[in-house]
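Visitor: One structure follows; several queries about it will come next.
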Amino acid sequence: MSTLSVDTPTSHSHAKAEEKKGLSSAAKRRLPLLPALIFVIAVTQLPFLLTVFYSFQSWNLVRPGSRHFVGLDNYIDVFSDTTFLVALLNTVLLTVVCVLVALLLGLGLAILLDRKFMGRGFVRTLLITPFLILPAAGALLWKTTMFDPTYGLLHFVFGTDTDWLSEFPLASVMAQIVWQWTPFMMLLILAGLQSQSKEVLEAASVDGANRWRTFVSITLPHLSRFLQLATLLGAIYIVNSFDAIFLMTQGGPGVSSTNLPYYIYQRAFEGFDVGQSSAMGVIVVILTMIVATFALRLMFRTFSVDGGVK
């Protein structure tokens, strides 16, 4: 009994010493990451906190000395602004349509590229190219070479003098964004297709399953994680689309193709209204965080606690 009473405190202190040693070693490993963490906080969180501070003030740069605290008035004015509501609807429509169309096109192209054929590497490189082009360059390319009513390719193909950017502004912007983001979806889905077990596919073929049955019962469930990831990342990036609208339609005609990032730009840099543009920015960040959190929870349900796939 005396031996047990002596050994127990010793083992307990030894465990505490090991725990402290582990914590100190973990702190030493993370210490080199501290400058990067400070930099991220300085360039992301501090500006956001400053934006929140400005959103509670009435401040128009055209009227010097007009800055004063107004509380929630900016947020009330934003939600009563019909242009903001139209921009919000356009943003939702633009994001949903572009993500779905790019996802379906990326799925089809990935299925084609998953098969072996002559020149597959060259074709894959060509299909990836749109994603490597800068968004501003891609927007100007589509504006001048595709949608121009006199010299554009659509005019050459269909033989019409339709001004696509004026008559179908939002659809034109959607076409450019889909063209830009389809390769991204294709790459993610192609990675999922090539990670499939060939033995499972061969077993399904031996059991008499046709290609459609194999795709629906085996391939599509396997791709669910990759499809969810592509949808999440695509939605986060596309909801912030600015280049295409600014360079192709300038939000017009009227506000028919204005989305939230472009409308915030107009209020801040054309209307010089710092208070309301800051309130709009905070609202957009909150909505994006809600959507991203919901999507992440849906996506992570396919993963177990230890990191494995359910």
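The values are calculated or read from the model by the stated rules, or taken from the named source; none is laboratory data. Just so we're clear, the structure is a prediction, and the values are computed from it rather than from any experiment. Methodologically, a virtual Cβ is constructed for each residue, glycine included, from the backbone with ideal geometry; neighbour enumeration extends over all protein chains shown. Only protein heavy atoms, including side chains, enter the accessible area calculation; ligands, DNA and RNA are left aside. Shrake-Rupley method; radii C 1.70, N 1.55, O 1.52, S 1.80 Å.
Visitor: When you take every Cα atom in segment 58-137, what is the radius of gyration, and what is Dmax, the widest Cα pair distance, in Å?
Guide: In order Rg, Dmax, the Cα atoms of segment 58-137 give 23.1, 69 Å.
Visitor: Checking understanding here: applying a Kyte-Doolittle mean of at least 0.0 and a length along the axis of at least 27 Å (C-alpha), which whole DSSP H helices in the chain pass?
Guide: The qualifying helices are 82-113, 169-194, 274-300.
Visitor: Another one. Could you compute how much accessible surface HIS68 exposes when probed at 1.4 Å, giving the result in Å² to the nearest 10?
Guide: 100
Visitor: Let me ask you something else. In vacuum, with every alpha carbon of the chain counted as one equal point scatterer, what does the Debye formula give for log10 I(q)/I(0) at q = 0.07, 0.09 Å⁻¹? Two decimals, please.
Guide: Log10 of I(q)/I(0), two decimals: -0.46, -0.69.
Visitor: Here is a follow-up. Full extension from ARG63 to LEU287: what is 0.36 nm times the residue separation minus their Cα-Cα distance, to one decimal in nm?
Guide: So the extension gain works out to 77.6 nm.
Visitor: In whole Hz and in residue order, list the ³J(HN,Hα) couplings for segment 248-260 that follow from phi through the Karplus curve 6.51 cos²θ - 1.76 cosθ + 1.60, θ = phi - 60°; x for Gly and Pro.
Guide: With the stated coefficients, segment 248-260 comes to 9, 10, 6, x, x, x, x, 10, 5, 10, 7, 10, 5 Hz.
Visitor: Would you tally the net charge around PRO149, using a Cβ to Cβ cut-off of less than 13 Å, leaving PRO149 out, and scoring K and R as +1, D and E as -1? Don't skip to the end; give the middle numbers.
Guide: On the way: positive: LYS143; negative: ASP148, ASP161, ASP163, GLU167.
My count for the surroundings of PRO149 gives -3.
Visitor: Taking K and R as +1 and D and E as -1, what net charge do the other residues with C-beta under 10 Å from the C-beta of LEU61 add up to?
Guide: Residues near LEU61 contribute +1 overall.
Visitor: Can you give the local net charge around TYR263? Use residues other than it whose beta-carbon is closer than 14 angstrom to its beta-carbon, Lys and Arg +1, Asp and Glu -1. Mind showing how you got there, number by number?
Guide: Numbers: positive: ARG267; negative: ASP77, ASP81, GLU270, ASP273.
Here the count lands on -3.
Visitor: If contacts are Cα pairs under 8 angstrom and at least 6 residues apart, what is the relative contact order of segment 55-211 in percent? Can you show the working numbers first?
Guide: Values: 122 pairs, mean separation 40.0, N = 157.
Normalised by residue count, the contact order of segment 55-211 is 25 percent.
Visitor: Please report the accessible area of ASP161 (heavy atoms, 1.4 Å probe, ligands and nucleic acids excluded) in Å², nearest 10.
Guide: Solvent-accessible area, nearest 10 Å²: 120 Å².
Visitor: When the Cα atoms of segment 43-101 are enclosed in a convex hull and the volume is divided per residue, what value in Å³ results?
Guide: Values: hull volume 8.1 nm³, N = 59.
That works out to 137 Å³ per residue.
Visitor: Mind jotting down the three principal axis lengths of segment 164-310 based on Cα atoms? Whole angstrom, largest first.
Guide: Projected onto its principal axes, the Cα set of segment 164-310 covers 66, 40, 17 Å.
Visitor: Normalised by the empirical 2.2 N^0.38 Å for globular proteins, what value does the Cα Rg of segment 121-192 take?
Guide: For segment 121-192, the normalised Cα radius of gyration is 1.25.
Visitor: Based solely on its DSSP helices, what 222 nm [θ] is calculated for the chain when runs of n ≥ 4 H residues each add -39,500 (n - 2.57) and the sum is averaged over all residues, nearest 500 deg cm²/dmol?
Guide: On the way: 16 runs with 216 residues, N = 310.
About -22500 deg cm²/dmol.
Visitor: Here is a further query. Under a 5 Å amide H to amide H cut-off, with H placed in plane at 1.01 Å, what residues pair with GLN57 once short-range neighbours are removed?
Guide: Amide H neighbours of GLN57: VAL70.
Visitor: Follow-up question, since we're still on this one. Which whole-number percent is the relative contact order of the chain (Cα, under 8 Å, 6+ apart)?
Guide: Dividing the mean separation by the residue count of the chain yields 27 percent.
Visitor: For a label point 7 Å from the Cα of LEU153 along Cα→C-beta, name the residues of segment 107-140 whose backbone N is under 18 Å from it.
Guide: Counting only backbone N, you get 109, 123-140.
Visitor: Check each of the chymotrypsin sites (Phe, Trp or Tyr not before Pro) in segment 88-177 and keep only those in coil by DSSP with at most 10 other C-beta atoms within 10 angstrom; list them in order.
Guide: PHE117, TYR151
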